[in-house]
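S.K.: First the structure, then my questions, so here it is.
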Amino acid sequence: MVTETYPPEVNGVARTLGLMVEGLQRRGHSIELVRPRQNGHDHAANLENFAEVLLTGIPIPRYTQLKMGMPSRRLLEHRWKDERPDIVHVATEGPLGWSALAAARRLGIPVATDFHTNFHTYMRDYGMAWLARPVAAYLRSFHNRAACTMVPTREIAEDLARLRFERLRVVGRGVNPAVFSPGRRSRELRASWGADDATLVALCVSRFAHEKNFALVIQAYEAMRRIRADAKLILVGDGPLADELRKKSIGYVIAGRKVNGELSRHYASADVFLFPSMSETWGNVTLEAMASGLGIVAYDYAAAREVMRHGTNGLLAPFGDAAAFVAHAEALARDPALAQSLGRAARERAESLTWDRIVEDFEAVLVDVAA
């Protein structure tokens, strides 16, 4: 497996890959993980059925906490010639991923790839719409060199097929309902936010970045505060907009990045989850909020379209309809009981969306490609 991001880095791709690796190990597979060294204290694991190869990386512009791997085709080709894997799975499309794809093809090793990120749509979010087509062409050229490309939803598969991506296979995402659970709710944590049992607390867990449509989180919260003046907004994450948010902070708490138990406590201690991103291929946070029993407001696409039903276990706005998104947030501010009933139904649905099932699907694709 080759990736340019991996735990303890905090993002959806890293989290997904970490869980897939753990799941494959439990199912008896041996994995060599190739990735950039994250920092000077980062040391390669070398266990019975899991070993890491750490290569040089450079900070990614605008996301300096993440590293991009350097071209390494010859190194990988030499390594895999001596110790030939059954399959190479490439999770990211940077220079390291391209090197792995090229090395495996030269050696005749089957290759599968993941499509995790809509980089071509990000270009529009950063005022570089003219780059969207070249970036899409690069991604197509990359993935079409593999035996198959795994995508998280049928919707993404259809979108990429229209862009002439080939051999697409749908493998969804899961959640751990034992980790993300309403039982993690904490009065003490709510009190630290200035909230008691009766206070309406909205939460957003996201990268603080333009491509996450973050301005709409603030807009929706301000609309909720006009209905419930004591409402709180908790922002969990980090990113390029963090400093700007801290300077403008009016009535919301910037909790920063949280992982593991702290992250699940933050989810469970809120009441409403606001997620207006329009650039997701999936959106792990949607399932985490569902498992935590929150009333969710999201756009009707990606994970929300796959696993939620509007009015049953969440409120879904038509894609890109900001006015409808804000109206749904206002509805939950007016009717906390509705948020609670949606949250209970979301939790019930999330209990069936376990990672064990997803890892089994992932394994089946890898075995098929390797054969």
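S.K.: What strands (runs of 3 or more DSSP E), lying completely within region 252-308, carry at least 3 residues that are at pLDDT 95 or above and not β-branched (V, I, T)?
M.R.: Here the list reads 272-275, 295-299.
S.K.: Taking the criterion of being touching a Phe, Trp or Tyr at 6+ places or on another chain (Cβ under 8 Å) and open to solvent by less than 30 Å² (accessible area, probe 1.4 Å), would at least one residue in region 64-84 satisfy it?
M.R.: Taking every residue of region 64-84 in turn, none turns out to be touching a Phe, Trp or Tyr at 6+ places or on another chain (Cβ under 8 Å) and open to solvent by less than 30 Å² (accessible area, probe 1.4 Å).
S.K.: Moving to a separate point now. I'd like to check something: does region 250-261 contain any residue that is β-branched (V, I, T) and in contact with a strand residue (DSSP E or B) (Cβ under 6 Å, 6 or more places away or on another chain)?
M.R.: Looking through region 250-261, at least one residue is β-branched (V, I, T) and in contact with a strand residue (DSSP E or B) (Cβ under 6 Å, 6 or more places away or on another chain).
S.K.: Applying the selection to region 1-42, what residues are part of a loop (DSSP other than H, G, I, E, B), touching a residue at least 60 places away in the same chain (Cβ under 8 Å), of a type outside the set (D, E) and closer than 26 Å to G237 by Cβ?
M.R.: M1, T3, T5, P8, V10, N11
S.K.: Of these, A51, A91, A45, A104, which one is without any contact (Cβ under 8 Å) to a residue 40 or more places away in the chain and touching a helix residue (DSSP H, G or I) at 6+ places or on another chain (Cβ under 9 Å)?
M.R.: A104
S.K.: Which condition number in (1) open to solvent by 10 Å² or more (accessible area, probe 1.4 Å); (2) within 17 Å of G172 (Cβ to Cβ); (3) of a type in the set (S, T, Y) is the one that Y252 fails?
M.R.: Against the list (1) open to solvent by 10 Å² or more (accessible area, probe 1.4 Å); (2) within 17 Å of G172 (Cβ to Cβ); (3) of a type in the set (S, T, Y), Y252 comes up short only on (2).
S.K.: Determine which single condition A229 fails, assuming it passes every other condition in (1) of a type outside the set (F, W, Y); (2) surrounded by fewer than 22 Cβ atoms within 10 Å (Cβ to Cβ); (3) part of a strand (DSSP E or B).
M.R.: (3) is the only condition that A229 fails.
S.K.: If the Cβ limit is 8 Å and pairs must be 6+ apart or interchain, which residue in region 311-339 that is among the polar types (S, T, N, Q) pairs with which residue that is assigned to a helix (DSSP H, G or I)?
M.R.: Here the result reads T312/L342; T312/A345; N313/M290; N313/L342; N313/A345; N313/A346; N313/E348; N313/R349, each pair linking region 311-339 to a residue that is assigned to a helix (DSSP H, G or I).
S.K.: Continuing with the same structure: Anything in region 137-175 that is open to solvent by less than 10 Å² (accessible area, probe 1.4 Å) and either part of a helix (DSSP H, G or I) or not polar (S, T, N, Q) (or both)? List them, or say none.
M.R.: Hits for region 137-175 are L139, F142, H143, A146, C148, M150, V151, P152, L160, V171, G174, V175.
S.K.: Within the group A104, A112, which residue is modelled with pLDDT of 95 or more, under 28 Å from P134 (Cα atoms) and over 21 Å from the mean Cα position of the chain (by Cα)?
M.R.: Unique residue meeting the criteria: A104.
S.K.: Suppose we filter region 115-160 for residues that are in contact with a His (Cβ under 6 Å, 6 or more places away or on another chain), at pLDDT below 90 and of a type outside the set (D, E); how many remain?
M.R.: Within region 115-160, residues that are in contact with a His (Cβ under 6 Å, 6 or more places away or on another chain), at pLDDT below 90 and of a type outside the set (D, E) number 3.
S.K.: May I pose another question? Only residues that are under 20 Å from A304 (Cα atoms), out of contact with any strand residue (DSSP E or B) (no Cβ under 9 Å at 6 or more places or on another chain) and of a type outside the set (A, V, I, L, M): list them for region 160-181, please.
M.R.: G172, R173, G174, N176, P177, F180, S181
S.K.: Looking only at region 56-87, count every residue that is at pLDDT 85 or above, among the charged types (D, E, K, R) and part of a strand (DSSP E or B) and tell me the total.
M.R.: Selection size over region 56-87: 0.
S.K.: Do the conditions hold for L96, that is, is it open to solvent by less than 40 Å² (accessible area, probe 1.4 Å) and part of a helix (DSSP H, G or I)?
M.R.: Yes, satisfied.
S.K.: Quick check: anything in region 319-336 aliphatic (A, V, I, L, M) and under 23 Å from N11 (Cα atoms)?
M.R.: Checking region 319-336: not a single residue is aliphatic (A, V, I, L, M) and under 23 Å from N11 (Cα atoms).
S.K.: Here is a follow-up. Applying the selection to region 258-283, what residues are closer than 19 Å to G239 by Cβ and open to solvent by 30 Å² or more (accessible area, probe 1.4 Å)?
M.R.: K258, V259, E262, M278
S.K.: Exactly one condition in (1) in contact with a Phe, Trp or Tyr (Cβ under 9 Å, 6 or more places away or on another chain); (2) over 14 Å from L203 (Cβ atoms); (3) among the charged types (D, E, K, R) is not met by R246; state its number.
M.R.: (1)
The values are calculated or read from the model by the stated rules, or taken from the named source; none is laboratory data. Just so you know, these numbers come straight off a predicted model, no measurement behind them. We place every Cβ from the backbone using ideal geometry, glycine too, and count neighbours over all the protein chains shown. Surface areas here come from the heavy atoms of the whole protein model, side chains and all, with no ligands, DNA or RNA. Shrake-Rupley method; radii C 1.70, N 1.55, O 1.52, S 1.80 Å.
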